[in-house]
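These notes concern the structure reproduced below.
What follows draws every value from the coordinates through simple rules; no lab data is involved. Being a predicted model, the structure only gives us computed values, none of them experimental. All Cβ positions, glycine included, derive from the backbone under ideal geometry; neighbour counts span all protein chains shown.
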Amino acid sequence: MFGDLGRDDQAMTTYDITQVVRGTFNWSLANGGLGQNVFHFGTADVPDQDAMDLLAVEAENFTSIGGSFVKIRDMQSNEVTLVGADFRTVDPSNPLESHGTYDVAGSVSGESVALETAVVTTLYSELASRRGRGRFFLPGLATGKMTGGRIDPTTASVISGRCGDWRDSLLSDAGFDWIVWSRVASTGRSISSFETRVILHHQRRRNS
């Protein structure tokens with residue numbers, strides 16, 4: 001079972017290795033636990049240091065995008081905090097990196113789900129194969145966002161929608177497109193839609 005798909009009005013773009021940046025997001029979890037997510041971002045131009053530094057600044061908004069709407073961090077327990085991110089170009093001929101230090105905690109007071117579990121959102125591109133899909137694991141869901149042992153469908157829909165909001169904001173404000181990256185094909189593709197499952201999964205490092 002799934003939540004609703006996020007917006008799918010993103011123009012489809014492909015990126016080669018010279019245009020792609022890998023980002024590792026670092027989370028502080030309950031009881032001293034640590035978690036990571038791996039993202040990939042594409043840009044129309046070959047990234048320079050200024051672009052990398054801007055990406056590190058804009059990435060802090062990941063869980064806070066939404067304006068007057070519900071945000072991703074409104075789904076997370078205050079036991080989990082986004083503490084930083086590391087960004088590196090994928091192309092070894094253009095080795096650049098940038099780092100962001102953040103302090104963005106979940107908004108919901110109370111316990112999170114078990115440390116080894118996470119919400120999983122599937123990332124779809126226009127390519128209808130495994131190389132055209134990715135997954136994003138969100139840690140620290142507040143237990144109050146569960147219903148009958150599953151993620152509340154409204155919560156799942158909100159997470160999908162806010163992923164689309166952040167994708168759009170990052171592209172417009174920093175010029176970076178959240179993408180699905182295929183190491184086999186050395187190609188990145190724009191994400192067209194997001195689909196959040198209502199069943200918790202084990203969290204592990206994944207490319208997106």
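Here are the numbers for this structure:
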{"item": "Most mobile listed residue (A51, A128, A142) in the chain, GNM with C-alpha springs under 10 Å", "result": "A128"}
{"item": "Whether region 19-81 is rounded, prolate or oblate, judged on the alpha carbon gyration tensor where a/c under 1.5 counts as rounded", "result": "oblate"}
{"item": "Proximal charge balance of D173 [Cβ under 13 Å; K/R count +1, D/E count -1]", "result": "-4"}
{"item": "Degrees separating the helix 153-174 axis from the principal Cα axis of the chain, which is the longest one", "result": "30 degrees"}
{"item": "Burial ordering of R162, R150, R133, fewest other beta-carbon atoms within 10 Å first", "result": "R150, R133, R162"}
{"item": "Stokes-Einstein diffusion coefficient of the chain, Kirkwood radius over Cα pairs, 25 °C, 0.890 mPa s, in µm²/s", "result": "145 µm²/s"}
{"item": "Choice from I191, I17, I179 with maximal GNM fluctuation in the chain (Cα, 10 Å cutoff)", "result": "I17"}
{"item": "Options V198, S68, H40, ranked by Cα towards positive dipole end of the chain, top entry (Cβ charges)", "result": "V198"}
{"item": "In sequence order, calculated HN-Hα J values of region 32-38 (Karplus, 6.51, -1.76, 1.60; Hz; x Gly/Pro)", "result": "x, x, 10, x, 9, 10, 10"}
{"item": "Gyration tensor (alpha-carbon) shape descriptor, region 79-139, a/c threshold 1.5", "result": "oblate"}
{"item": "Per-residue HN-Hα couplings for region 43-51 [Karplus 6.51, -1.76, 1.60; θ = phi - 60°; Hz; x = Gly/Pro]", "result": "9, 5, 10, 5, x, 10, 5, 4, 5"}
